[in-house]
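Q: Provided herewith is a single structure, encoded as structure tokens, for subsequent inquiry.
The values are calculated or read from the model by the stated rules, or taken from the named source; none is laboratory data. Here the structure is a predicted model, which means the values were calculated and not measured. Here the Cβ is made from the backbone with ideal geometry for all residues, glycine too, and neighbour counts use every protein chain on show.
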Amino acid sequence: MVKMTMIARVTDGLPLAEGLDDGRDLADAETYKQQVKALFKNLSKGHNEASRMSIETGPYIFHYIIEGRVCYLTMCDRAYPKKLAFQYLEDLKNEFERVNGAQIETAARPYAFIKFDTFIQKTKKSFLDTRTQRNIAKLNDELYEVHQIMTRNVQEVLGVGEKLDRKFRIILGGQPNVQSFDIRISYIC
């Protein structure tokens, strides 16, 4: 089941829209929202490994799609089918770009497109029951190769940015380590 949905601009991590009633039934909703904001911050620094990814976090999984300059993210139960989660995000992406595409770059304040919540809630309801005929058809549809979507632990993803920041500080702070850093970073990339 979809628990939380957020949309943010990748270039600066600015939250653009969110499901307003998302996370109310979660005990640690604020913790998960902080993880999402940290993930958006890492993505804004250019630490995005894939345009589609699933990230494990406790009993849930974050699924996200980065399309152009926007990240569409949802948090679902682990048992919720990945194909449905990514189809949900795809539906949100298509409508968000159609309705707000021209204003994404000029948005200056957080949650500038909060009215998009209406569409988020309507779409979320249509994806609630994984056994409906509509959702079974989506599960059987081969729109995505789910096996190609990387799955990582949230701490691994957030830790990559911290490790790279430390390595850059080493480079800038001491010149003797530059050659060894070049060798090590080539293995990482």
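Q: Within region 69-94, can you find the residues that are free of Cβ contacts under 8 Å to residues at least 24 places away in the same chain and out of contact with any Pro (no Cβ under 7 Å at 6 or more places or on another chain)?
A: Ala79, Asn94
Q: Looking at (1) assigned to a helix (DSSP H, G or I); (2) surrounded by 15 or more Cβ atoms within 10 Å (Cβ to Cβ); (3) modelled with pLDDT under 90, find the lone condition where His147 falls short.
A: In the conditions (1) assigned to a helix (DSSP H, G or I); (2) surrounded by 15 or more Cβ atoms within 10 Å (Cβ to Cβ); (3) modelled with pLDDT under 90, His147 misses (2) alone.
Q: Of all residues being modelled with pLDDT of 90 or more and either acidic (Asp, Glu) or in a loop (DSSP other than H, G, I, E, B) (or both) in region 81-101, which is nearest to Val36 (Cα to Cα)? Just the residue, please.
A: For region 81-101, the residue satisfying everything is Glu90.
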